[in-house]
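Peer 1: Below are the C-alpha cells for one structure; questions will follow.
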Amino acid sequence: MPNEEVAGVPHATANSVDDFARNIAAVRARIAAAAERSGRSASEIRLLPVSKTVPEERIRLAVRAGCRQLGENKVQEATRKHRALADLDVTWSIIGHLQTNKAREVAAYAAEFQALDSIRVAEALDRRLQALGRGLNVYVQVNSSAEPQKYGIQPEELPGFLAALPRYTSLRVRGLMTLAIFTPDTERVRRCFTLLRVLRDRAREADPDLIGPGELSMGMSGDYEVAIEEGATVVRVGQAIFGARATPAGDYWPGAAGIG
C-alpha cells in the first residue's frame, strides 16, 4: 500500500501537539498493518521520526506528543538543535553522510550514526569516541540502488568492510541502512530493500558477530510500508509526521526526488 506522498498528495503540516499525536498514530497504524501483512509484530519495528528542516518550536510539540528519538541528516543542523533543546529528554540519530571534520560533534552527543560508509569515518569517530570514553551504535550504509550520486558502500564491498570494523572498538555495529531508489515504481523500490535483507542474511551466515543484531534501517515516508514488508526493523519517517518540507529533498539526500 503506497503512502499518500507517493500518490502526490503532500502531508499536512503538524502545528499542535494534537496534530503530531494524530500523525504519529496514523504512521504507527500503517506500521502495524504492514507488519501484519508480512507475518511480523509491530513491536519489532522502531519508528525514528526525522526532524530535518523542522524548527525547534515545532520539535518541542512533537516531543510533547511522544517523540523521544529524532533523526537528522546534517550534523550542523543536528548540533544546533541538540543545544537548543538540551532541556528535553531526546536522543539524536545522525542519519546522513558524515565528513570526518564533523566526527567530533557526532561523537560528543549522538546516540547512533546510521550512515557509516568509509573506513576514514570509522577511524575519525573511533578516535573521538575513545577520547571521550563513549561508545556509539552504528549502521553501515549500503548503496542498494546502484545510483552513482548516492552515498553508501557497494554491496560487494560489504563483507570486507564489516570485517575491518572490529578494530574500532568504540563502534557498535547494529546492522545495515539504505535509501531505496526514488521512484513511484513500488517493485523497483522493493528490490532495494530485498537486497539489503539478503546482504544482512549473508553477513549473518558468514560471521554473525560482525553484523550485531542485524537490524535493517530502511524506509522513509514514501516507502516505509514496503520496507517493513521486506524486513525493516527501523523506519525513518519525517514528512508523514511533521508535514511536507519546503526544502528540496536533494539538499539532504543526494539523488532524491521528493520522497523522505
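Peer 1: Mind checking which aspartates and glutamates have their C-alpha under 15 Å from residue 102, skipping anything on the same chain fewer than 8 residues away?
Peer 2: The qualifying aspartates and glutamates are 72, 77, 112, 117, 123, 126.
Peer 1: Continuing with the same structure: List every DSSP H helix in the chain whose Cα atoms extend 24 Å or more along the helix's own long axis and whose mean Kyte-Doolittle hydropathy is at least -0.5.
Peer 2: Long hydrophobic helices here: 17-37.
Peer 1: Any chance you could run the full-extension gain for residue 169 through residue 89? It's 0.36 nm times the residue separation minus the Cα-Cα distance, nm to one decimal.
Peer 2: 26.1 nm
Peer 1: When the dipole is taken about the Cα centre of segment 17-244, and only Lys, Arg (+1) and Asp, Glu (-1) are charged at their Cβ, what size is it in debye, to the nearest 20?
Peer 2: So the dipole magnitude of segment 17-244 works out to roughly 500 debye.
Peer 1: Oh, and also: Quick one: net charge around residue 242, please, counting Lys, Arg +1 and Asp, Glu -1 for every other residue with C-beta under 11 Å from its C-beta.
Peer 2: Result for the neighbourhood of residue 242: +2.
Peer 1: Separate question: Measuring from the lowest to the highest alpha carbon on each principal axis, how far does the chain reach, largest first, in angstroms?
Peer 2: 46, 42, 33
Peer 1: Roughly how many nanometres apart are two label points built 7 Å out from the Cα toward the Cβ at residue 156 and residue 100?
Peer 2: Simple spin-label model gives 2.6 nm for this pair.
Peer 1: Hey, can you rank 76-86, 215-225 by average C-beta count inside 10 Å, highest first?
Peer 2: So the order, starting with the most tightly packed, is 215-225, 76-86.
Peer 1: Is it possible to state the helix-based mean residue ellipticity at 222 nm for the chain, with each DSSP H run of 4+ residues giving -39500 (n - 2.57), the sum divided by total residues, to the nearest 500 deg cm²/dmol? What is it?
Peer 2: Roughly -11500 deg cm²/dmol at 222 nm, from the helical runs in the chain.
Peer 1: In whole Å, what is the distance between the alpha-carbon centres of segment 65-81 and segment 113-177?
Peer 2: 20
None of the figures in this text is laboratory data; all of them are computed from the coordinates on show. Nothing here was measured: the structure is a model prediction, and the numbers come from that model. Cβ: placed from backbone, ideal geometry, glycine included. Neighbour counts: every protein chain shown.
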